[in-house]
Amino acid sequence: MPVPAELADAPAWRVHTRRGLLHPLRVQWGPFSADTVNLRDTRQRGGVLDIVGGKREFQQEFSFVIRDTLHAVRWTARCDGRDRERGVTLGSVDVELGSGMSLDCDLRPGADSAGQWKLQLSGRNGSMPGGTIHRADVRYEITGEAYPGDDETGWPLGYLLSRDGVPVAVVDRTHPGSVRMSPALPADDRALLAAAATALLLQQRLITDD
């Protein structure tokens, strides 16, 4: 995905995923690794009336622990991803009336429950998702980047993270994935954004056309 000039000289840390039989067990990039990755099974929410009415909503919860090169726990994360759509069938044609996605995460530094941050991301009707990582009056902005020539899927090529309009990190979701981060960021901010970047990498599309 496009890299802003402010991050052109930042190293592109390639994402390495070690998989178990069913789910990734460890995601590593640069000086950070996500251990104890727990991706719960995708489940459909709602009841029979929602299905009859053409509404579908799927949910996947996941959690992980961020460690640094010394294997110390820097951040823990618990996330809730949703994928929604509503439509009707007219004869043999399916007509989509609306769609949306969201990702909400609680990010905690180590075992410090008082230092909790929130990651909140959403998108509707094919628009690129956007959101924030915030705590009190401090926030980072998240902007989704579209695939070239295909900006109607609502699912991003990657994400740009910025602070006060200045790019500080890029998360590229194209396989195998990569992360760039401003070397000027303080160590604590880098660890926070490492947790946020990992959540954005693990986010999945839950409703597909297959």
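Determine which member of the set Arg78, Arg74 is open to solvent by 20 Å² or more (accessible area, probe 1.4 Å), in contact with a Gly (Cβ under 9 Å, 6 or more places away or on another chain) and at pLDDT 85 or above.
Numbers: Arg78 fails: in contact with a Gly (Cβ under 9 Å, 6 or more places away or on another chain).
After applying the criteria, what remains is Arg74.
Only residues that are in a strand (DSSP E or B) and out of contact with any Asp or Glu (no Cβ under 8 Å at 6 or more places or on another chain): list them for the range 67-78, please. Walk me through how you get there before you give the answer.
Narrowing the range 67-78 to residues in a strand (DSSP E or B): 67, 73-78.
Val73, Trp75, Thr76, listed by residue number.
Could you go through the range 151-165 and let me know if any residue there is of a type in the set (Asp, Glu) and modelled with pLDDT under 90. Step through it out loud before you land on a result.
Here is the first cut: in the range 151-165, the residues of a type in the set (Asp, Glu) are 151-152, 164.
Within this subset, residues satisfying the condition of being modelled with pLDDT under 90 are 151-152.
There is at least one residue in the range 151-165 that is of a type in the set (Asp, Glu) and modelled with pLDDT under 90.
Would it be correct to say that Ala34 is open to solvent by less than 30 Å² (accessible area, probe 1.4 Å), modelled with pLDDT of 90 or more and not in a strand (DSSP E or B)? It would help to see each step written out before you state the result.
Working: open to solvent by less than 30 Å² (accessible area, probe 1.4 Å): yes; modelled with pLDDT of 90 or more: yes; not in a strand (DSSP E or B): no.
No, not satisfied.
Would you call Asp94 in a strand (DSSP E or B), open to solvent by 30 Å² or more (accessible area, probe 1.4 Å) and modelled with pLDDT under 90?
yes
Hey, can you tell me all the residues within the range 1-27 that are in contact with an Asp or Glu (Cβ under 9 Å, 6 or more places away or on another chain) and either at pLDDT 90 or above or surrounded by 13 or more Cβ atoms within 10 Å (Cβ to Cβ) (or both)?
Filtering the range 1-27 down to residues in contact with an Asp or Glu (Cβ under 9 Å, 6 or more places away or on another chain) leaves 1-3, 12, 15, 25-27.
Scanning the range 1-27 gives Met1, Val3, Ala12, Val15, Leu25, Arg26, Val27.
The values are calculated or read from the model by the stated rules, or taken from the named source; none is laboratory data. If you're wondering where the values come from, they're calculated on a predicted model, not measured in any experiment. Neighbour counts run over all protein chains shown; Cβ positions are idealised from the backbone, glycine included. Note: accessible area is taken over every heavy atom of the protein model, side chains too, but ligands, DNA and RNA are not part of it. Shrake-Rupley method; radii C 1.70, N 1.55, O 1.52, S 1.80 Å.
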